[in-house]
Amino acid sequence: MADDEQEDQKEYRWETGYEKTWEAIKDDEDGMLDGAIAEIIQKAKRQRQAQKTKQNRLGMMRHMFVVLDCSESMSVPDLKPTRLRCTVKLLELFIEEFFDQNPISQLGLIALKAKRAEKVTELTGTSRVHLKALESLANVSLTSEPSLQNGLDLALKSLKVVPSHASREIVIIMGSLTTCDPVDINLTIDELKKEGIRCSVISLSAEIHVARYLTQQTMGTFGAVLDDAHFRDQLMSQVDPPPAAKTQHNSLIRMGFPHTKNEVEGKDAPLSMCMCHIENLEEPSELTTTGHHCPQCNSKYCELPVECQSCGLTLVSAPHLARSYHHLFPVPNFEELPFEAMPASSSDLTSDFRECYGCAKALGQGVDKVADKVVFRCGFCKQFFCVDCDIFIHDTLHACVGCNTIPGVDGLVYQQSSKSDQVDAHPGPSKQRGQFAM
């Protein structure tokens with residue numbers, strides 16, 4: 001009887017009441033819808049920032065494979081002009097943003113073609129290699145259906161040999177609703193879970209049960225896109241480093257800071273070839289006098305970061321480590337306040353004039369009057385910012401403008417670190433290793 005009553009309480013989707021979604025859009029006093037539309041756009045802009053949470057441990061040295069579906073379903077024109085061309089265009093933006101935010105990470109591309117998996121590019125930290133490979137993928141012939149298991153197995157073979165201190169990830173872009181696998185795909189999922197490899201899936205068609213199960217077992221994310229803008233948001237959410245996996249160990253990593261040899265004993269440096277292009281048939285190495293020399297074996301490379309092919313030392317520059325530092329100490333979220341709570345600017349005491357401290361835009365006036373109903377205040381410098389500056393500070397700049405320009409403000413990361421060092425002048429090795437572990 002109890003089961004029958006529960007079944008009676010459940011209703012089908014078409015039996016439930018109407019959802020009045022149009023009530024979210026309300027007109028203002030003048031009968032205009034600009035206010036409601038601006039509010040929706042403003043919430044969408046800050047959605048990614050609101051979802052960010054401060055993590056104690058992040059996988060900063062990332063090794064990621066992007067698995068791209070190149071089956072017949074990618075020719076569907078629901079994403080203009082086609083799913084494949086839209087994906088390639090967004091992947092170009094993703095690759096540039098990925099290496100900008102994760103300069104000491106590596107990326108690889110795998111294509112699923114005709115029930116087989118093909119490795120397009122190996123794991124490398126050079127964005128130019130991936131961008132060139134994407135140009136050839138844009139004109140590939142789309143036939144048959146993909147094999148998700150073959151793509152996962154190919155990525156698993158390469159990620160197995162990655163050191164345990166690095167974050168290992170797979171991002172799958174699926175356009176097909178089916179997958180043709182040689183054996184039970186659950187065996188591969190169990191192996192990925194055992195190895196601690198994080199798998200995320202972006203579906204261009206609809207939710208797929210096996211893809212959802214894969215992300216749940218490997219602590220990844222799943223998303224089905226609505227349009228190209230939503231697709232871009234789903235893809236860009238993979239740029240930020242994920243929380244460190246339980247299988248990921250803390251360890252001290254040897255890194256080399258290469259030097260350049262412009263002069264040797266008062267003479268010009270001799271001509272030599274770089275190691276990164278010496279075996280590349282498409283772009284053969286050229287004799288040059290400039291380059292980055294490994295401090296351990298003196299091998300020359302034309303760009304950084306890279307792993308030395310001779311001695312295996314990771315070669316980076318100081319700016320690369322500095323750009324990875326902001327993930328450990330992100331700018332705290334600003335306090336959201338109504339426009340009326342913002343005091344008038346000191347530059348114009350006679351009028352009710354308010355401006356953003358970042359871009360000096362006049363708030364609450366002109367065309368953006370509706371969009372400026374909400375302002376954002378830094379908790380340290382107490383300065384007010386518009387929504388665009390708030391997003392720019394947290395996503396791109398990674399430093400508060402007010403805290404960096406006003407003397408004596410206690411909001412900078414290095415100021416907080418110096419104060420903690422004064423309190424504890426001799427921290428133990430475990431504390432240092434926990435703070436700077438990759």
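Structure values in brief
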item	result
Neighbours by Cβ (under 6 Å, 6+ apart or cross-chain): first from the range 71-85, among the charged types (D, E, K, R); second in a helix (DSSP H, G or I)	ARG83/MET74
Complete set of residues in the range 242-257 that are at pLDDT 85 or above and in a loop (DSSP other than H, G, I, E, B)	PHE257
Out of SER346, SER324, SER351, SER285, sole residue that is modelled with pLDDT under 85 and outside any loop (DSSP other than H, G, I, E, B)	SER324
Inter-residue pairs, beta-carbon under 7 Å, first touching a residue at least 12 places away in the same chain (Cβ under 8 Å) and within 11 Å of PHE257 (Cα to Cα) and in the range 296-320, second among the acidic types (Asp, Glu) and outside any loop (DSSP other than H, G, I, E, B), 6+ apart	THR314/GLU307
Condition check for GLU96: modelled with pLDDT of 90 or more, touching a His at 6+ places or on another chain (Cβ under 9 Å) and open to solvent by 10 Å² or more (accessible area, probe 1.4 Å)	no
Qualifying positions in the range 116-138 - open to solvent by 50 Å² or more (accessible area, probe 1.4 Å) and either in contact with a helix residue (DSSP H, G or I) (Cβ under 7 Å, 6 or more places away or on another chain) or within 22 Å of PRO163 (Cβ to Cβ) (or both)	ARG116, LYS119, GLU122, VAL129
Residues of the range 374-388 that turn out to be surrounded by fewer than 20 Cβ atoms within 10 Å (Cβ to Cβ) and in a helix (DSSP H, G or I), as a count	1
Only listed residue being modelled with pLDDT under 95 and open to solvent by less than 20 Å² (accessible area, probe 1.4 Å), chosen from ALA166, ALA224	ALA166
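The values are calculated or read from the model by the stated rules, or taken from the named source; none is laboratory data. Not measured: the values here are computed from a predicted model. Here Cβ is always computed from backbone atoms with ideal geometry, including for glycine, and neighbour counts include all displayed protein chains. Surface accessibility is based on the protein's heavy atoms, side chains included, excluding ligands, DNA and RNA. Shrake-Rupley method; radii C 1.70, N 1.55, O 1.52, S 1.80 Å.
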